[in-house]
Structure formats: structure tokens, C-alpha cells
Amino acid sequence: MTTVRFAALVIGVAAMGAGLAAQTQETQTTTKTKIEVKGGKDVTAVGCVERSSGGNFVLTDPGDAHALAHPRYALVSSQDLSKYDGKRIQVKGKATTNGEGTVSVESKSKTAVTDEKDQESKTTTEATTGAFDLPALGVRSVKTLGSCK
């Protein structure tokens, strides 16, 4: 009788373990974001990069041969701009000024769940200004010139 109870206990524990294993799912989400300035004016600007408390980057005191109309621009880029924080840079790109051009942000997410169909989503947002309602400067290329003081 003891052997039968022990065998029943082992079978019951094994069945619970198999049930728990069957309920375990792995989920993996990947997101790709594309940011670009559509339209706008081609510019080359020199200024200092500052990071805001929200993590956005702003070009301050820009000066260039095209006489940009604003003292600050929200930098817009898919690349990581953190290495330029506190640096004086030359940036080439497109600026949204005087109602010309829009900033487009497209995010695509894919969630893969074990033994289920993948879920995909896509969002697109367009605006005429960048962070803090500043005109946006879409970064095409950056050259470090030194440090800002």
C-alpha cells in the first residue's frame, strides 16, 4: 500500500511539473524606430549640444552661413547623440523652420510569444516642431569641433 501511495505521489508531482512547463511562455519584443525630417531647409549649423532633463538633445547658439532664424534647435536623429553632450559640433541636416517641413517618427514593434502567432504594431507620428516646441534639426552628419564651456 505504501508503494502505491508513493507511486501516486510521484506521478502527481510529475503531472504538476509537466502542467507548469506547458504553461511557461517566453516573450520577446523588438522595436525599430525611424526618425526623419521631411521637407524643410538644408542647413549646416555650429553650436553646443545640451541634454534636457527629458533626455532630448538641443543645439544651442547655432551659427552658420545660412543665418538660421532660431537660437535653439531640437536635434532629431535615430542615432545615439549622447556622445555629443557638452560638445561643440557642426551638424548638417534639414531644419523645420517657418512652417516648412515635418518631423516623422515611425515605430514598428514585434512581439514573439512561444507557440503563438507573433503580434506586430506600427505607429507613425508627424509634427512641425521638435522637443519643447523648438524647430527641429534632422541630423544627417555630425563633426565634433571641441568642448563647450
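So the values come out like this:
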| quantity | calculated |
| --- | --- |
| Residues within region 54-104 that are modelled with pLDDT of 90 or more and among the basic types (Lys, Arg), tallied | 4 |
| Any pair with Cβ under 8 angstrom, 6 or more apart, that starts in region 65-94 at a residue that is within 22 Å of Lys41 (Cα to Cα) and ends at one that is modelled with pLDDT of 90 or more and part of a loop (DSSP other than H, G, I, E, B) | Leu75/Leu81 |
| Residue list for region 83-108, filter: farther than 16 Å from Phe57 by Cα, more than 21 Å from the chain's Cα centre (by Cα) and surrounded by 15 or more Cβ atoms within 10 Å (Cβ to Cβ) | Thr97 |
| Region 105-137, subset within 17 Å of Leu75 (Cα to Cα), in a strand (DSSP E or B) and touching a Ser or Thr at 6+ places or on another chain (Cβ under 7 Å), residue modelled with the lowest pLDDT | Ala127 |
| Selection count where residues are under 19 Å from Thr96 (Cβ atoms) and either at pLDDT below 85 or not in a strand (DSSP E or B) (or both), scope region 44-53 | 1 |
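The values are calculated or read from the model by the stated rules, or taken from the named source; none is laboratory data. None of the values given here were measured: they were computed from a predicted structure. Heads up, the Cβs are rebuilt from the backbone with ideal geometry, glycines too, and the neighbour counts pull from every protein chain shown.
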